[in-house]
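Here is the structure we will look at, set down as structure tokens.
The values are calculated or read from the model by the stated rules, or taken from the named source; none is laboratory data. Since the structure is predicted, the reported quantities are computational estimates derived from the model, not experimental observations. Every residue, glycine among them, receives a Cβ derived from its backbone with ideal geometry; neighbour counts consider all protein chains shown. Note: areas computed on protein heavy atoms with side chains; ligands, DNA, RNA excluded. Shrake-Rupley method; radii C 1.70, N 1.55, O 1.52, S 1.80 Å.
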Amino acid sequence: MRMMMKARMDTQMSNQVTKGGAMPNSLKSVMERLKPEAAYFTPEGGRSMILVFDMQDTSQLPSIADPFFQEMGAEVTFEPVMNLDDLQRGLAALK
């Protein structure tokens, strides 16, 4: 299922990760593991990241979110999302 994850990182904790030099490795690890189809970085509410990726099973939620909680004190949300092709298939099923 295509999911959108938003991670809003605690400024003080993410400052420590950034100053300590671990931020690039943390981001690389996330990107390699989730292989997102889209990744956006924004200053919304502090350091924030939005990833769109395919989640195979909801049992993945803890392993995806926990590093953000532990390393950066992040608030993490997940939402199922669709692209245009998904929406068109869903609308066609209404007929």
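Scanning segment 30-40 for residues that are open to solvent by 60 Å² or more (accessible area, probe 1.4 Å) and either more than 29 Å from Asp85 (Cβ to Cβ) or in contact with a strand residue (DSSP E or B) (Cβ under 7 Å, 6 or more places away or on another chain) (or both) returns Lys35, Glu37, Tyr40. For segment 41-59, a residue qualifies if it is surrounded by 13 or more Cβ atoms within 10 Å (Cβ to Cβ) and either at pLDDT 90 or above or assigned to a helix (DSSP H, G or I) (or both), and the qualifying residues are Arg47, Ser48, Met49, Ile50, Leu51, Val52, Phe53, Met55. The sole residue among Met9, Met5 that is surrounded by 13 or more Cβ atoms within 10 Å (Cβ to Cβ), closer than 23 Å to Leu61 by Cβ and either under 11 Å from the mean Cα position of the chain (by Cα) or without any contact (Cβ under 8 Å) to a residue 40 or more places away in the chain (or both) is Met5.
Annotation note: of Ala74, Ala65, the sole residue that is touching a Phe, Trp or Tyr at 6+ places or on another chain (Cβ under 7 Å), open to solvent by less than 30 Å² (accessible area, probe 1.4 Å) and not basic (Lys, Arg) is Ala74.
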